[in-house]
Amino acid sequence: MTYSISLMGRLVWLICVAGILPVSLAGQARFEYWPGASYDPAVPTHRKVLGHDAGERISSHANLMKYLETLAAAAPNRIRIFEYAWSWGGRRLVYAAVGSEANIRRLDEIRAGMRRLADPRRTPEAEARKLTASLPATVWLANGVHGNEISGPEASLLVAYHLLAARKDKVADEILANVLVLIDPIQNPDGRDRFVHHFQQSEGLEADPHPLALEHSEPWPGGRTNHYHFDMNRDWFALTQPETRGRVKALQEWYPLVFADLHEMGSDSTYYFAPEAVPYNPHLAKDQRDSLEWFGKNNARWFDRFGFSYFTREVFDAFYPGYGASWPSYYGSVAMTYEQASARGLLMRRGDETVFHFRDTMRQQFVASISTCETAAQNRQKLLENFYRYRQTAIEEGSKESTREYILPRRGDTSAVDKLASLLAEQGVEVKRATGALQNTDKQYPAGSYVISLAQPAKRLIRTLLDANVPMEEEFIKEQERRRKKKLPDEIYDITAWSLPLLYNVEAVASGEVSRGSFEEVKAGSLPPGKVTGGKAEVAYLAPWGTAASGRLLTAALRENLKVWSSDKSFKQNGKEYPRGTLIFKVKESPPSLHESIQKLAAASGADVDATNTGWVDEGVNFGSRHVLPFRRPTIALAWDQPVSSYSAGHTRFVLERQFHYPVTALRARLVPMADLSRFDVIILPDQGMGGYSQVLGTAGPGKLKNWVAAGGTLIGLAGATSYLADPKVGLLAVSQEERPRAAEPPKKPDPPEARVAGKVLAKEDDYEKAIQAEKELPDPVAGVLARARLDPDHWITVGLGETVNALLQGREVYTPIKLDKGVNAALFLGPDQLLASGHLWEENRKQLAYKPLVVVQREGRGLVIGFTADPNFRAYVEGMNVLFVNAVFRGPARARPGAGTLLEE
Ligand SMILES: [Zn+2]
């Protein structure tokens, strides 16, 4: 057949673009996604299963599943559905393998073949040649990771239908002969349904193209994110969400050679596909960058033919490994992002007055998907060979570069070390655990330490995730500096620092030598259980503080109404050092079942507990000291809804609820001024979004919060909330947000301003540069770096932690340190030469951030105000800040005293 668009197709197409036809085309000329195609009537259409044509409605997750399952039932020899995860909201995530009958019959063989090809150590070249000659190319079409990006999921079902039903279609036949297509229709079902529900609720008599119409304007938190408001296109290496974890596992079963992540962008745009924008991650292989061109060019060919506008090489880069367009690259895939201008509903009017329909956006996604599969079909063998070579060269590079191994010594926050090892294993990195003492060069590491050899297929992923820094191209940085000077926004799309050891605040030793010792393989998810040493205690159980595991032990104990004390001073007993913050469970003040409870909780939390038969200590404070304080079981409120940043609120709730298993009450922010807050022990104000807290909490909010704190509450502000608390009109935190430092005081301006000013000679370019600087402005925004802060070793909020923590900094907030008479700078950024742990930080910001606070604690009456100037729960990445945050939430209330009484100094 030819590819010319039939006259009718073209007519319908043009009319639709012009928005003349009514929304429903039922009974009239059918909208054609692949003009001229004829279809096998035995394969059910959208209309037959869901009662309307594809694109007439925006399908819920349930309807997407229903149609996919009906297709599978109608053509069981050509399509197979695999379940890979469940969302928090209880929705199923699946992918469908669509292919020729021959390929569907040999799915197990294909999967096994890809696994063989993935390990050149087990698979010699001769066997690899046989595999590359016989295996199909595998393409994974991932859709709807952002739930309000609606065209991909619908289009993906059309791709399945087209491949199953198209008759004598040259392109479809070529794809089926050479490619196994893995269709992941909806990566974020909770977000999708949130969008669809809102859309349906907002609909009126007819679809409204006005961009401001309610149906296009989503309420907080929007459909982009999942249940805990995670942007799952940032979760790929952190794997905090079940949806991502399931997908990463599935990808490692198939190693798809091509991974296309189909998104949507702003409505006034067109369509974006590969090649990507700079900067490129230096750990990408040249083959991968070259093959992006094949896919881009073929997409362009089809888009030109159909008259679709598009762009490449702008905006969307793949530097950072948290995207779907980048993470699969590090096992050897060709990973790409596609971006379609969104209708965000059924009809949308652009700035240039043209109106487009949801169907049009689906069609472009459909064409891009088919074109991608066609490119893979035409390059089948080359893609397979490149994949094998990618894995082979990774091993070679790792065997000869100066870093041969990464060692994760098992000390400090041991639960973070264990979690990091497991996280790496989960994404295909081979990790070994030393079963005894470990020797590398002349250094000894404790038993249980982890070793990661670079001589393995995942070498480039290891370097990307464990190196302290992944540099951006110098030319790119130069260009950003040029832009910054002119106050043009920078072109860095996401954060510039994500090194996992730094995020986890654990050591990672790069060694040029291979370790000696005995090892076992680390399996994903195999975290060591905690245990009780010393049998049944007569006096107390002691749990050293400073790990997420001990945090989970605390929260679980509080939920079981066990009495827990904490020592603010370190002590030594039976020859063992117990750090500040050690948890103490006193036998005589607990129920008789304490021993069984502690055993159960230790095992579940992963915390190690010691039994002791004496209250006598060799050094430090006893269990009855005034430095040993009881915990309360706090009731926690978390500000929710406008003006709260949905991300910060969701991530904070996730950290407390899913990492520490402690419930929070989500409290609509606008209720704060009128609600009875007395039942809450802790109120957390997450980062703020548009408008800010001052707009929503109004004039009554600050007084309400102040009285509540004075009566014994613990108020915690995160990131932007700190600027609200510090606002002089609010007056809850005695720090100030800083502007950019000025080189010199500006000359005094007459008041009122005069029409003319005195002349001034600008003798040099430099004088001109100074003359155009704004008099007052915030520091330049930071794209996302890791910055080191030192901890005050005398303050209770730092118990269990080492000397420093790393904070993930984004944005333009810098605060003055708090004065000694007002409070404590419990965490303070290091000096200008030490503070940057990773990433790209502008010179001026680095200088200004030095010696500025990360955490301030201020007493107000009987309560406390705690300000975190950077969000400790950012994307739940910063494992190393967990203990600090848990200290604030659970130790704050133990120090706030609603019942009056004397206050201990801290
Ligand atoms: Zn997106």
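The values are calculated or read from the model by the stated rules, or taken from the named source; none is laboratory data. The structure presented is a predicted model; accordingly, all values stated were derived computationally and were not measured. Methodologically, a virtual Cβ is constructed for each residue, glycine included, from the backbone with ideal geometry; neighbour enumeration extends over all protein chains shown. Only protein heavy atoms, including side chains, enter the accessible area calculation; ligands, DNA and RNA are left aside. Shrake-Rupley method; radii C 1.70, N 1.55, O 1.52, S 1.80 Å.
Where residues in the stretch 269-300 are within 16 Å of the ligand (Cβ to nearest atom) and not hydroxyl-bearing (Ser, Thr, Tyr), which of them is modelled with the highest pLDDT?
The extreme case among them is 273.
Mind listing whichever residues of the stretch 277-290 are closer than 13 Å to residue 329 by Cα and in contact (Cβ under 8 Å) with a residue 40 or more places away in the chain?
280, 281, 282, 283, 284, 285, 287, 288
Starting from the stretch 250-268, take each residue that is at pLDDT 95 or above and open to solvent by 10 Å² or more (accessible area, probe 1.4 Å) and list its partners that are away from the ligand (no atom under 16 Å from the Cβ) and among the hydrophobic types (A, V, I, L, M, F, W, C), counting only C-beta distances under 8 angstrom and pairs at least six apart or across chains.
255/114; 255/117; 255/118; 255/387; 267/348
Please go through (1) open to solvent by 50 Å² or more (accessible area, probe 1.4 Å); (2) within 16 Å of the ligand (Cβ to nearest atom) for residue 130 and return the number of the only condition it doesn't satisfy.
If we test residue 130 against (1) open to solvent by 50 Å² or more (accessible area, probe 1.4 Å); (2) within 16 Å of the ligand (Cβ to nearest atom), just (2) comes out false.
Can you confirm whether the stretch 98-118 contains a residue that is under 25 Å from the mean Cα position of the chain (by Cα) and at pLDDT 95 or above? Steps first, answer last, please.
So in the stretch 98-118, the residues under 25 Å from the mean Cα position of the chain (by Cα) come out as none.
No, the stretch 98-118 has no match at all.
Return only the number of the condition from (1) surrounded by 22 or more Cβ atoms within 10 Å (Cβ to Cβ); (2) away from the ligand (no atom under 16 Å from the Cβ); (3) closer than 30 Å to residue 37 by Cβ that residue 146 does not satisfy.
Against the list (1) surrounded by 22 or more Cβ atoms within 10 Å (Cβ to Cβ); (2) away from the ligand (no atom under 16 Å from the Cβ); (3) closer than 30 Å to residue 37 by Cβ, residue 146 comes up short only on (2).
Out of all the residues in the stretch 713-727, is one or more of a type outside the set (Gly, Ala, Ser) and farther than 24 Å from residue 818 by Cα?
Keep residues of the stretch 713-727 that are of a type outside the set (Gly, Ala, Ser), which gives 714-716, 718, 722, 724-725, 727.
Restricting the remaining residues to those that are farther than 24 Å from residue 818 by Cα gives none.
Among the residues of the stretch 713-727, not one is of a type outside the set (Gly, Ala, Ser) and farther than 24 Å from residue 818 by Cα, which makes the answer no.
Tally time: how many residues in the stretch 482-521 are of a type outside the set (Lys, Arg) and without any contact (Cβ under 8 Å) to a residue 12 or more places away in the chain?
First, the residues of the stretch 482-521 that are of a type outside the set (Lys, Arg): 488-515, 517-521.
Going one step further and asking which of them are without any contact (Cβ under 8 Å) to a residue 12 or more places away in the chain, we end up with 488-489.
Result for the stretch 482-521: 2.
Select from the stretch 207-240 the residues that are touching a helix residue (DSSP H, G or I) at 6+ places or on another chain (Cβ under 8 Å) and part of a helix (DSSP H, G or I) and write down the one among them that is surrounded by the fewest Cβ atoms within 10 Å (Cβ to Cβ).
214
Give the stretch 283-299 a look and list any residue that's open to solvent by less than 20 Å² (accessible area, probe 1.4 Å) and among the charged types (D, E, K, R), or say none.
none
Here's a check for you: in the stretch 149-186, which residue that is surrounded by fewer than 24 Cβ atoms within 10 Å (Cβ to Cβ) and in a loop (DSSP other than H, G, I, E, B) is nearest to the ligand (Cβ to nearest atom)?
169
Scan (1) open to solvent by less than 80 Å² (accessible area, probe 1.4 Å); (2) assigned to a loop (DSSP other than H, G, I, E, B); (3) free of Cβ contacts under 8 Å to residues at least 40 places away in the same chain for the single condition residue 724 breaks and write down its number.
(2)
Tally up the residues in the stretch 269-282 that are of a type in the set (A, V, I, L, M), surrounded by fewer than 20 Cβ atoms within 10 Å (Cβ to Cβ) and in a loop (DSSP other than H, G, I, E, B), please.
Initial filter on the stretch 269-282 (of a type in the set (A, V, I, L, M)): 274, 277-278.
Add one more test, that the residue is surrounded by fewer than 20 Cβ atoms within 10 Å (Cβ to Cβ), and what stays is 277-278.
From what's left, in a loop (DSSP other than H, G, I, E, B): 278.
Qualifying residue count for the region: 1.
Restricting to the stretch 191-206, and then to whatever is crowded, with 22+ Cβ neighbours inside 10 Å and either farther than 25 Å from residue 86 by Cβ or among the charged types (D, E, K, R) (or both), can you tell me which residue is nearest to the ligand (Cβ to nearest atom)?
That would be 192.
Pull out all pairs, ordered by first then second residue, where Cβ-Cβ is under 6 Å, the residues are six or more apart or on different chains, the first lies in the stretch 205-216 and is closer than 18 Å to residue 352 by Cβ, and the second is open to solvent by 60 Å² or more (accessible area, probe 1.4 Å).
209/349
Scan (1) out of contact with any His (no Cβ under 8 Å at 6 or more places or on another chain); (2) under 30 Å from residue 784 (Cα atoms); (3) open to solvent by less than 60 Å² (accessible area, probe 1.4 Å) for the single condition residue 552 breaks and write down its number.
Going through (1) out of contact with any His (no Cβ under 8 Å at 6 or more places or on another chain); (2) under 30 Å from residue 784 (Cα atoms); (3) open to solvent by less than 60 Å² (accessible area, probe 1.4 Å) one by one, residue 552 breaks only (1).
Considering each residue of the stretch 54-71, count those that are closer than 20 Å to residue 162 by Cβ and open to solvent by 20 Å² or more (accessible area, probe 1.4 Å), and give that number.
Number satisfying all stated conditions: 6.
Would you pick out the residues in the stretch 72-88 that are open to solvent by less than 50 Å² (accessible area, probe 1.4 Å) and in contact with a Lys or Arg (Cβ under 9 Å, 6 or more places away or on another chain)?
72, 84, 85, listed by residue number.
Show me the strands (runs of 3 or more DSSP E) found entirely inside the stretch 807-906 where at least 2 residues are within 21 Å of residue 706 (Cα to Cα). Write out each step before concluding.
Details: elements: 823-829, 836-838, 853-860, 863-868.
Correct list: 823-829, 853-860, 863-868.
Hey, can you tell me all the residues within the stretch 649-703 that are within 18 Å of residue 556 (Cα to Cα), part of a helix (DSSP H, G or I) and among the aromatic types (Phe, Trp, Tyr)?
Of everything in the stretch 649-703, just one residue is within 18 Å of residue 556 (Cα to Cα), part of a helix (DSSP H, G or I) and among the aromatic types (Phe, Trp, Tyr), namely 654.
What is the one condition in (1) crowded, with 18+ Cβ neighbours inside 10 Å; (2) modelled with pLDDT of 95 or more that residue 535 does not satisfy?
Only one criterion is unmet by residue 535, namely (1).
Which residues, counting only those in the stretch 218-234, are away from the ligand (no atom under 13 Å from the Cβ) and acidic (Asp, Glu)?
The answer is 218, and nothing else.
Please go through the stretch 566-601 and give me each residue that is under 15 Å from residue 539 (Cα atoms), open to solvent by 20 Å² or more (accessible area, probe 1.4 Å) and either in contact with a His (Cβ under 8 Å, 6 or more places away or on another chain) or among the hydrophobic types (A, V, I, L, M, F, W, C) (or both), ordered by number.
587
Please tell me if residue 368 is out of contact with any helix residue (DSSP H, G or I) (no Cβ under 7 Å at 6 or more places or on another chain), among the small types (Gly, Ala, Ser), buried (at least 23 other Cβ atoms within 10 Å of the Cβ) and at pLDDT 95 or above.
No.
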